[in-house]
Amino acid sequence: MKIRFWGTRGSFAMSGREFLRYGGNTTSVELVNAAGQRLLIDLGTGATELGKQLMAGEFGKGQGTLPILLSHTHLDHIQGLPFFTPFFIKGNQIRILGAAPSMTSLESTLQNQLAPHYSPLNGLENLAAGVSIDTITPGETITLPGFEVRTAAVPHGSMWTTAFRITADGKTVTYLSDVEYASVDEPLEVAVELARDADLLIHDAMHADHDYDLRRGWGHSPARAGVIVAERAGAKKLALFHHSPDATDEMIDEVVARTAARTSVPVFAAAEGEYLEI
Amino acid sequence: MQITFWGVRGSYPVPGAATVRYGGQTSCVEARSASGETVIVDAGTGLRALGNKLLRAATAPGHYHILLSHVHWDHIQGLPFFSPVYVAGTRISIYGLLTAADELHQVIGGITRHEFFPMALESVPAQFEFHEVNPGIEFEVGSFRVMPIALNHPFGSVGYRLDCDGTAWAYISDTAPFDQVLHKQHFLKGPEPLSQVDRSALSVMREALIQKLAGVDTVVYDTHFTPDEYERFPHYGHSTPDQALEVCVAAKVRRLVLYHHAPSHSDEQMDRIAAEYLAKGALVGIEVLTSFEGMTLPIGAATDAGAKPVDRPPGGAGAGGREEAGKGPS
């Protein structure tokens with residue numbers, strides 16, 4: 001299985017020279033299995049660039065199929081949706097899977113994003129591709145072509161997001177973004193279980209450890225939270241993810257160095273760039 | 001009066017190596033009077049860095065005025081990241097067109113529904129006030145006189161003429177030209193045939209725009225598309241530099257600033273567009289500049305010859321306020 005980070009930034013897309021190495025686009029992660037089947041997690045601004053590249057293949061001919069998992073519908077995870085080009089080609093089949101936000105449905109949330117005052121697209125029905133919206137119940141296991149996905153609800157401030165454990169070709173990637181545990185030292189058991197023996201754990205690392213006290217309760221983790229989950233779960237590698245918009249490349253380098261010094265689990269910061277073999 | 005560009009991009013923010021010079025953030029321009037009063041036009045992602053700058057300079061909670069051209073995401077999504085929003089005592093006056101049948105406060109409040117953002121604008125420390133604007137009806141914001149101008153964009157948008165310190169500039173974005181497509185209150189799959197009534201509505205809109213631009217020194221104009229791109233997407237509600245130039249010639253303005261660059265335009269493409277239209281403008285006696293993040297222009301005065309898109313040092317207008325953690329949830 002291969003992985004490519006198209007967007008690693010949390011909250012807000014950051015342009016400028018000091019964000020070039022880790023990238024300024026908001027969250028979007030692509031997984032490709034050995035058979036070439038694809039899965040996308042989250043539709044931040046990073047998805048727009050993937051969308052353009054997909055057009056060179058079957059998506060440009062209206063023959064592409066793609067499942068997209070949404071961890072939740074905060075804007076930094078969906079703001080690429082109206083600009084993801086495969087949606088505009090008739091024949092493409094795109095399936096969006098995510099949990100319903102509280103007190104509303106996933107479909108009406110996405111419709112609201114495309115409501116006429118906010119977007120000239122004026123509703124999901126104007127996307128030329130076949131788009132289906134599947135509401136998932138966190139805790140369930142989903143079978144997608146070429147991928148098996150276990151899901152779990154994890155706390156994110158006053159709400160819940162969906163975490164994913166994705167297995168293909170005998171390899172496992174766990175996506176735990178936008179999560180904050182009641183105690184960093186005692187991460188939620190369900191999160192640890194989702195990361196159990198994973199080949200790669202992608203974990204929310206919005207805050208540098210020394211910044212965390214000021215931002216406790218905002219729904220994001222300090223870098224060391226991912227270390228604790230990875231160590232307890234026996235994950236083989238840890239990717240720090242959902243970088244703060246205030247974190248320049250140099251600041252992220254420093255977080256990686258400090259985090260790596262405290263654990264024997266190999267650690268890196270997720271960066272926009274090439275495909276990585278899991 | 002001077003203006004500073006904090007976001008020059010249309011549609012969505014485009015980080016990356018291809019946009020470091022012109023900038024990747026979406027629509028936001030700051031106008032500043034000689035006495036230091038500020039009016040902000042549009043609240044795209046450029047607003048974040050502007051907010052951090054204003055907050056650093058503030059000695060007390062401020063009263064900020066934000067004029068909105070319309071409420072498409074690229075013109076409002078900076079608002080929850082405007083750091084003064086999280087400072088008690090701050091007042092924020094929002095001026096906008098009532099579109100798509102919603103109350104303005106509902107539309108703006110809707111961008112921070114719990115599905116989209118962790119903190120509702122209704123519950124932030126700053127106090128919001130909403131003012132509906134009407135094309136052709138002038139109002140005052142401090143010592144700025146503000147004239148809203150109807151534009152041709154899906155579900156409507158307004159431009160603004162701002163007069164202050166004995167000079168004037170105008171913000172004309174987002175708009176399609178006034179001859180091929182009339183945007184109304186419905187979705188256009190493609191260009192629709194124009195009726196006689198439509199043609200007349202377009203003509204009235206164009207005439208009013210040209211009339212309102214009379215005597216304006218600098219016009220910032222939606223030039224999202226190159227002519228080739230426009231041919232493919234005439235119903236998207238944006239213009240080309242040629243169409244902007246044509247309006248500016250008719251209105252006899254001194255300077256045109258290209259703005260709302262397509263997200264796909266790299267710095268190299270923007271350099272080519274800038275050179276091409278600087279030359280075209282010279283032929284008709286109009287100075288044509290191409291906006292970039294961090295560009296400051298004195299209104300009613302000669303352009304600083306050094307105003308070129310360069311790699312900005314960290315902490316500049318385009319840097320996103322890295323030295324400022326900002327306040328509130330992010």
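The values are calculated or read from the model by the stated rules, or taken from the named source; none is laboratory data. Everything quoted here is computed from the prediction, not taken from an experiment. As a convention, Cβ positions derive from the backbone with ideal geometry for all residues, glycine included, and neighbour counts pool all protein chains shown. Ligands, DNA and RNA are excluded from the accessible area calculation, which covers all protein heavy atoms including side chains. Shrake-Rupley method; radii C 1.70, N 1.55, O 1.52, S 1.80 Å.
Here are the numbers:
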read-out: Matching residues in segment B:227-237 - criterion: being in contact (Cβ under 8 Å) with a residue 12 or more places away in the chain and assigned to a loop (DSSP other than H, G, I, E, B); value: B:PRO234, B:HIS235, B:TYR236, B:GLY237
read-out: Search result, residues across segment A:269-278 that are under 22 Å from A:ARG224 (Cα atoms), open to solvent by less than 50 Å² (accessible area, probe 1.4 Å) and either without any contact (Cβ under 8 Å) to a residue 40 or more places away in the chain or in a loop (DSSP other than H, G, I, E, B) (or both); value: A:ALA270, A:ALA271
read-out: Out of B:ALA57, B:ALA31, B:ALA88, sole residue that is crowded, with 24+ Cβ neighbours inside 10 Å, more than 9 Å from chain A (Cβ to nearest Cβ) and farther than 30 Å from A:ALA271 by Cα; value: B:ALA31
read-out: Residues (surrounded by fewer than 14 Cβ atoms within 10 Å (Cβ to Cβ) and in a helix (DSSP H, G or I)) located in segment B:198-226; value: B:ARG199, B:SER200, B:SER203, B:VAL204, B:GLU207, B:GLN211
read-out: Answer residue from segment A:192-221, given it is hydrophobic (A, V, I, L, M, F, W, C) and within 17 Å of the chain's Cα centre (by Cα) and is nearest to the other protein chains (Cβ to nearest Cβ) among those; value: A:MET206
read-out: Residue satisfying condition, being at pLDDT below 95 and closer than 27 Å to A:ASP246 by Cβ, within set B:GLU324, B:GLU293; value: B:GLU324
read-out: Contacts under 8 angstrom Cβ, first residue in segment A:104-128 being in contact (Cβ under 8 Å) with a residue 24 or more places away in the chain and more than 7 Å from chain B (Cβ to nearest Cβ), partner part of a loop (DSSP other than H, G, I, E, B) and hydroxyl-bearing (Ser, Thr, Tyr), 6 or more apart; value: A:LEU106/A:THR73; A:LEU110/A:THR73; A:GLN113/A:THR73; A:GLN113/A:SER119
read-out: From A:LEU20, A:LEU43, residue being farther than 18 Å from A:LEU276 by Cβ, of a type outside the set (Asp, Glu), in contact with a helix residue (DSSP H, G or I) (Cβ under 6 Å, 6 or more places away or on another chain) and open to solvent by 10 Å² or more (accessible area, probe 1.4 Å); value: A:LEU20
read-out: Single residue of B:GLU129, B:GLU122, B:GLU140 found to be touching a strand residue (DSSP E or B) at 6+ places or on another chain (Cβ under 9 Å), outside any strand (DSSP E or B), away from chain A (no Cβ under 14 Å) and more than 21 Å from B:MET205 (Cβ to Cβ); value: B:GLU122
read-out: Residue match in segment B:170-178 (condition: out of contact with any helix residue (DSSP H, G or I) (no Cβ under 7 Å at 6 or more places or on another chain), in contact (Cβ under 8 Å) with a residue 24 or more places away in the chain and among the charged types (D, E, K, R)); value: yes
read-out: In segment A:42-79, the residues that are in a strand (DSSP E or B) and either within 11 Å of chain B (Cβ to nearest Cβ) or of a type in the set (A, V, I, L, M, F, W, C) (or both); value: A:LEU66, A:ILE68, A:LEU69, A:LEU70
read-out: Test: residue in segment A:21-41 that is out of contact with any strand residue (DSSP E or B) (no Cβ under 8 Å at 6 or more places or on another chain), within 19 Å of A:LEU240 (Cα to Cα) and within 14 Å of another protein chain (Cβ to nearest Cβ); value: yes
read-out: Residue among B:HIS265, B:HIS260 that alone is at pLDDT 95 or above, open to solvent by less than 20 Å² (accessible area, probe 1.4 Å) and either among the hydroxyl-bearing types (Ser, Thr, Tyr) or more than 28 Å from B:GLN211 (Cβ to Cβ) (or both); value: B:HIS265
read-out: Among the residues listed as B:ALA244, B:ALA250, the single one being modelled with pLDDT of 55 or more, under 19 Å from the mean Cα position of the chain (by Cα) and not in a loop (DSSP other than H, G, I, E, B); value: B:ALA244
read-out: Residues (assigned to a loop (DSSP other than H, G, I, E, B) and either surrounded by fewer than 16 Cβ atoms within 10 Å (Cβ to Cβ) or modelled with pLDDT under 95 (or both)) located in segment A:212-235; value: A:ARG216, A:GLY217, A:TRP218, A:GLY234
read-out: Any hit, segment A:240-250, residues being open to solvent by less than 60 Å² (accessible area, probe 1.4 Å), in contact with a strand residue (DSSP E or B) (Cβ under 7 Å, 6 or more places away or on another chain) and of a type in the set (Val, Ile, Thr); value: no
read-out: Residue check, A:THR143 β-branched (Val, Ile, Thr) and open to solvent by less than 10 Å² (accessible area, probe 1.4 Å); value: no
read-out: Test for A:PRO116: is it assigned to a loop (DSSP other than H, G, I, E, B) and touching a Phe, Trp or Tyr at 6+ places or on another chain (Cβ under 6 Å); value: yes
read-out: In segment B:101-119, residue surrounded by the most Cβ atoms within 10 Å (Cβ to Cβ) [restricted to those that are among the small types (Gly, Ala, Ser) and within 22 Å of B:THR26 (Cα to Cα)]; value: B:GLY110
read-out: Residues satisfying the stated conditions in segment A:80-100, i.e. open to solvent by 20 Å² or more (accessible area, probe 1.4 Å) and either in a strand (DSSP E or B) or within 9 Å of chain B (Cβ to nearest Cβ) (or both); value: A:PHE83, A:GLN93, A:ARG95
read-out: Filtered residue count, segment B:253-287, keeping only those that are under 20 Å from B:ILE3 (Cα atoms), part of a loop (DSSP other than H, G, I, E, B) and of a type in the set (Val, Ile, Thr); value: 2
read-out: Evaluation of B:GLY24 against (1) open to solvent by 10 Å² or more (accessible area, probe 1.4 Å); (2) within 11 Å of chain A (Cβ to nearest Cβ) (one fails), failing number; value: (1)
read-out: Filter pass, A:ALA35 being open to solvent by 30 Å² or more (accessible area, probe 1.4 Å), small (Gly, Ala, Ser) and within 16 Å of B:SER264 (Cβ to Cβ); value: no
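Matching residues to (1) open to solvent by 10 Å² or more (accessible area, probe 1.4 Å); (2) in contact with a helix residue (DSSP H, G or I) (Cβ under 6 Å, 6 or more places away or on another chain); (3) part of a loop (DSSP other than H, G, I, E, B); (4) closer than 24 Å to A:ASP249 by Cβ:
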| residue | (1), (2), (3), (4) |
| --- | --- |
| A:ALA182 | yes, no, yes, no |
| A:VAL192 | no, yes, no, no |
| A:ILE202 | no, no, no, yes |
| A:HIS210 | yes, no, no, yes |
